[in-house]
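The values are calculated or read from the model by the stated rules, or taken from the named source; none is laboratory data. Treat the numbers as computed from the prediction; the structure is a model and nothing was measured. Every residue, glycine among them, receives a Cβ derived from its backbone with ideal geometry; neighbour counts consider all protein chains shown.
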Amino acid sequence: MADTALVIIDIQNDYFPGGKMELEGADAAAEKAKQALHRFRSRSLPVIHIKHLSVRPGSTFFIPGTEGAEIRDAVRPLEGETVVEKSFPNSFRSTKLKELLDQNGVKNLVVAGMMTHMCVDASVRQAADLGYKVTLLADACATRAQTFGGETVPARQVHAAFLAALNGFYAKVINSHEL
């Protein structure tokens, strides 16, 4: 498993109760991500934390320098763990993520993070397109309800639909206890 890295995407304070973009199930997902993080750390396997910073005009959350943009304590990086900052949903776009993975001989990614329908989806699809084998931890991800055409789709249905779309071609989707 030495060629495997854990990638934790955007588990940041603004996604939690009291934050500027609260997600449904954020605390439970962060706890599952924390458990996966512990497994990787205990085996001295690579861990990469992804931190979204919103730099576009009009951004309302993940504003650089705010508490909301900080990585949640449950999965806070240890000294020496890699943090990749991004400003787009796709964790590979305009970052050194691929370069870091390749330099370390990583071929397999285990992914946890937020939001399932946005940054997790974009990053997992890109990872697969780049040739990485991806395992996505379904219960270590969270999202929120979405509205389209005057209809609101509940968060659990958004989450399930995106996981179902990723499962198979783009990733092997499992729950964290199966890791």
**Prompt:** Looking only at region 140-173, which residues are in a strand (DSSP E or B) and touching a Cys at 6+ places or on another chain (Cβ under 9 Å)?
**Reply:** none
**Item:** Selected residue [aromatic (Phe, Trp, Tyr), modelled with pLDDT of 95 or more and at positive phi] from Phe40, Phe92, Phe88, Phe62
**Value:** Phe62
**Complete:** Of the residues in region 166-179, those that are of a type in the set (Gly, Ala, Ser) and in contact (Cβ under 8 Å) with a residue 40 or more places away in the chain come to Ala171, Ser176
**Request:** Among the residues of region 90-115, write down those that are out of contact with any strand residue (DSSP E or B) (no Cβ under 8 Å at 6 or more places or on another chain) and surrounded by 15 or more Cβ atoms within 10 Å (Cβ to Cβ).
**Result:** Asn90, Phe92, Lys98
**Item:** First in region 58-76 and without any contact (Cβ under 8 Å) to a residue 60 or more places away in the chain, second anywhere and in a loop (DSSP other than H, G, I, E, B) and charged (D, E, K, R), Cβ under 7 Å, 6 or more apart
**Value:** Thr60/Lys20; Phe61/Lys20; Gly68/Lys20
**Message:** Take the conditions of a type in the set (Phe, Trp, Tyr) and in contact with a Ser or Thr (Cβ under 9 Å, 6 or more places away or on another chain) and apply them to Phe88. Does it pass?
**Reply:** yes
**Request:** List every residue pair whose Cβ atoms lie under 6 Å apart, where the two residues are 6 or more positions apart in sequence or sit on different chains, the first residue falls within region 103-114 and is closer than 28 Å to Ala26 by Cα, and the second residue, located anywhere, is of a type in the set (Phe, Trp, Tyr) and modelled with pLDDT of 95 or more.
**Result:** Leu109/Tyr132; Met114/Tyr15
